[in-house]
Amino acid sequence: MIDLAARFGDNLARHRKRADLSQEDLSFLASLHRTEISQLERGLRLCRIDTLIKLTCSLEVSADDLLAGINWSPGDYRPGGFVERSER
């Protein structure tokens, strides 16, 4: 099992550096606090959907870029139901 916050943080840091932005620069562009960028990159915080949108627009990348390597695999689902119980 992967650490979602850490994987997202690695992706965010990589794309921020590719854009040649400091955490402070990105925080300004995305209207976020610099410490939030730092916490996201270090995997200490999970990204909210509104923050994801701000980051993708500010970095000019897709959500897929920031979510790279994060996948969901649904588990088995077996609906419950009543069964007849035999009398002893």
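Only the coordinates and a few stated rules stand behind these numbers; no lab work does. Values in this document were obtained by computation on a predicted structure and should not be read as measured data. So basically every Cβ, Gly included, is an ideal-geometry build from the backbone, and we count neighbours across all protein chains shown.
At a 10 Å Cβ-Cβ cut-off, how would you order Cys47, Cys57, fewest neighbours first?
Cys57, Cys47
Return P(r) of the range 4-66 (all Cα-Cα pairs; 10 Å bins starting at 0; whole %; ordered from short to long distances).
Binned Cα distances yield the sequence 26, 67, 7.
Are there GluC sites (Glu not before Pro) in the range 36-75 that DSSP marks as loop and that have at most 14 other Cβ atoms within 10 Å, and which are they?
Hits after loop and neighbour filter: Glu60.
Amide H of Leu67 versus every other amide H placed in the peptide plane: which residues, excluding those fewer than 5 positions away on the same chain, fall under 5 Å?
Long-range HN contacts for Leu67: none found.
Express the relative contact order of the range 4-66 as a whole percentage, based on alpha carbon pairs under 8 Å and six or more residues apart in sequence.
Values: 66 pairs, mean separation 26.7, N = 63.
Once divided by the residue count of the range 4-66, the mean separation gives 42 percent.
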